[in-house]
Structures are given as structure tokens and as C-alpha cells.
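Trainee: Quick one: this structure, given as C-alpha cells, is what I'll be asking you about.
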Amino acid sequence: GAVVSQHPSRVICKSGTSVKIECRSLDFQATTMFWYRQFPKKSLMLMATSNEGSKATYEQGVEKDKFLINHASLTLSTLTVTSAHPEDSSFYICSARRSGRIDEQFFGPGTRLTVL
Amino acid sequence: DQQVKQNSPSLSVQEGRISILNCDYTNSMFDYFLWYKKYPAEGPTFLISISSIKDKNEDGRFTVFLNKSAKHLSLHIVPSQPGDSAVYFCAASVRGGSEKLVFGKGMKLTVNP
């Protein structure tokens, strides 16, 4: 159990377009989901915390208007990269928390975004 | 400012020997530490954790040691197996606060048959 999926796994888009990434908890309900970004040879950086039914909490330095997060249900959160530019190219990973325990955070396989 | 540091990018060990992965942190507020394992094209999976009230936690072949005074933790894998070859991330959190996970850069472990 505790499977988190992401779609798409890989996306290539032109500069200026918007890209939506979906994160789903397949066999549990997640009141909290997290979105991370990873640059090559760097650590996973938390971008925002997404709570079902409320606005996402963004980390310092993350543009909320650029990275739109929607957590419409207990099993789905979406990250939309708006007006993407080459510097937005990165590996985006979501995670979903199954309970209040910190170690009950399960990660998706990630989405590789390449902006041309 | 890197609050969680994994200073060695890679480690190569022989099957059957011990693997020791190190992690240092700077934020003294961290009170819960986790290790994750990541295979290519997959998300990180939880491996083992330790609370700051302990100095050791063991789960099968995996043991995590915490030295609070040195702000250092290590993951020991013994005996190492080829299937352990992966990238290992150290993460830290403050329980009762935001409980966000702060990750290190990761270390690639290769266990040679």
C-alpha cells in the first residue's frame, strides 16, 4: 500500500507554455501533499505544502503565481508551471502524507520537465 | 544555506561488507531524522528514522546512529547487498512545528558483487 503516482513522468514543452503535473495517492487519502524540486546533484528542495481544500503554503523564494498548486481532493494535487522558461527545467517530485507521522510521507516517481 | 549535508557524493563497497553513510546537520532544532533510498526513475522510499531522544535505531541490516553533540548521524548497512545500490538521502525535521523535511544532496551507494 501507500502508492503515489505522478503524471506525466516526462514532459518537454516550449518556452511560454504552461504544464500541469498531477500527483495522486492511489490507495490512501492524503490531507497533505508536498511538492519538491530537484536540480542535478542537488538536494530535494521543498517548494510548497498543499492541504486539501485550502491554499498551498509556499516556501520562501518560490513564486506562487508561477507554480500554481491545487489540492482539490484527498487523493489529487496538481502543480501547474505557468509560462514555463528554460530555467524551470527540473525534476519535480510530489509526496503525500498518509497520517500525522512524519515518516508516513510517500513519494511519487517524479516528473522530468524540459523547457525548450 | 545547506542545513543538511551529505558531503560524500558516492561510496563503493564490496558485497558483504559494511556501508557507512554519513550526514551532518546545522540546525539544532531538528529532532527527527530519516533516511530515504531512491532508485532511478522512482521516488524516494522511507528506510529508517531516529528521534533525537535516541542515539541508535536498528531495523534488520540497517542501523542509524545519532550524535547530537556533533550534529551528525550515520546509516550503517551490514552486510551490504548489490540490491542496496541506490542513492540515499538523509532528511531532518522539527516535530511539532511545520514538520517539513529538509533533505541532503544524497549519496550514491554502489555495492559490488
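Trainee: Please go through the stretch B:42-72 and give me each residue that is closer than 13 Å to B:PHE89 by Cβ and either outside any strand (DSSP E or B) or over 13 Å from the mean Cα position of the chain (by Cα) (or both), ordered by number.
Mentor: Residues satisfying the conditions are B:GLU42, B:GLY43, B:PRO44.
Trainee: Does at least one position in the stretch A:19-38 carry a residue that is closer than 30 Å to B:GLY96 by Cβ, assigned to a loop (DSSP other than H, G, I, E, B), without any contact (Cβ under 8 Å) to a residue 24 or more places away in the chain and more than 13 Å from chain B (Cβ to nearest Cβ)? Quick ask: steps written out before the conclusion?
Mentor: Within the stretch A:19-38, the subset closer than 30 Å to B:GLY96 by Cβ is A:23-38.
Going one step further and asking which of them are assigned to a loop (DSSP other than H, G, I, E, B), we end up with A:26-31.
Applying the additional criterion that residues be without any contact (Cβ under 8 Å) to a residue 24 or more places away in the chain yields none.
Taking every residue of the stretch A:19-38 in turn, none turns out to be closer than 30 Å to B:GLY96 by Cβ, assigned to a loop (DSSP other than H, G, I, E, B), without any contact (Cβ under 8 Å) to a residue 24 or more places away in the chain and more than 13 Å from chain B (Cβ to nearest Cβ).
Trainee: Something else: Among the listed residues B:TYR32, B:TYR25, identify the single one that is over 24 Å from B:THR110 (Cβ atoms) and in contact with a Ser or Thr (Cβ under 6 Å, 6 or more places away or on another chain).
Mentor: Residue meeting the stated conditions: B:TYR32.
Trainee: Restricting to the stretch B:78-105, what's the tally of residues that are farther than 20 Å from A:ALA48 by Cα and assigned to a loop (DSSP other than H, G, I, E, B)?
Mentor: 5
Trainee: In addition: Exactly one of these conditions fails for B:SER80: (1) closer than 12 Å to B:TRP35 by Cα; (2) of a type in the set (Gly, Ala, Ser); (3) crowded, with 19+ Cβ neighbours inside 10 Å. Give me its number.
Mentor: Looking at each condition in turn, B:SER80 falls short on (1).
Trainee: Ok, one more. I want to confirm something. Restricting to the stretch A:67-84 and keeping residues that are at pLDDT below 95 and outside any strand (DSSP E or B), which single residue is farthest from the other protein chains (Cβ to nearest Cβ)?
Mentor: So, considering only residues that are at pLDDT below 95 and outside any strand (DSSP E or B), the one farthest from the other protein chains (Cβ to nearest Cβ) is A:LEU74.
Trainee: A follow-up question, please. Of all residues in the stretch B:32-46, which are facing another protein chain (nearest Cβ under 7 Å) and either within 13 Å of B:LEU75 (Cβ to Cβ) or surrounded by 17 or more Cβ atoms within 10 Å (Cβ to Cβ) (or both)?
Mentor: Those that are facing another protein chain (nearest Cβ under 7 Å) and either within 13 Å of B:LEU75 (Cβ to Cβ) or surrounded by 17 or more Cβ atoms within 10 Å (Cβ to Cβ) (or both): B:TYR32, B:LEU34, B:GLY43, B:PRO44, B:PHE46.
Trainee: Restricting attention to the stretch B:23-35, which residues are free of Cβ contacts under 8 Å to residues at least 60 places away in the same chain and part of a strand (DSSP E or B)?
Mentor: Residues satisfying the conditions are B:ASP24, B:TRP35.
Trainee: Based on this model, can you work out whether B:ARG17 counts as charged (D, E, K, R), within 11 Å of chain A (Cβ to nearest Cβ), surrounded by fewer than 16 Cβ atoms within 10 Å (Cβ to Cβ) and in contact (Cβ under 8 Å) with a residue 24 or more places away in the chain?
Mentor: No, not satisfied.
Trainee: Okay, moving on. Got a number for residues in the stretch A:36-80 being closer than 18 Å to A:PHE107 by Cβ, among the aliphatic types (A, V, I, L, M) and out of contact with any Pro (no Cβ under 9 Å at 6 or more places or on another chain)?
Mentor: Count: 9.
Trainee: Residue by residue through the stretch A:18-46, note down the ones that are loosely packed, with under 14 Cβ neighbours inside 10 Å and of a type outside the set (D, E, K, R).
Mentor: Matches in the stretch A:18-46: A:SER18, A:LEU26, A:GLN29, A:PHE39, A:PRO40.
Trainee: Anything in the stretch B:58-108 that is away from chain A (no Cβ under 14 Å), in contact with a Ser or Thr (Cβ under 6 Å, 6 or more places away or on another chain), touching a residue at least 24 places away in the same chain (Cβ under 8 Å) and within 19 Å of B:VAL4 (Cβ to Cβ)? List them, or say none.
Mentor: B:HIS76, the sole residue that qualifies.
The values are calculated or read from the model by the stated rules, or taken from the named source; none is laboratory data. Just so it is clear, the model here is predicted, and its values are computed rather than measured. As a convention, Cβ positions derive from the backbone with ideal geometry for all residues, glycine included, and neighbour counts pool all protein chains shown.
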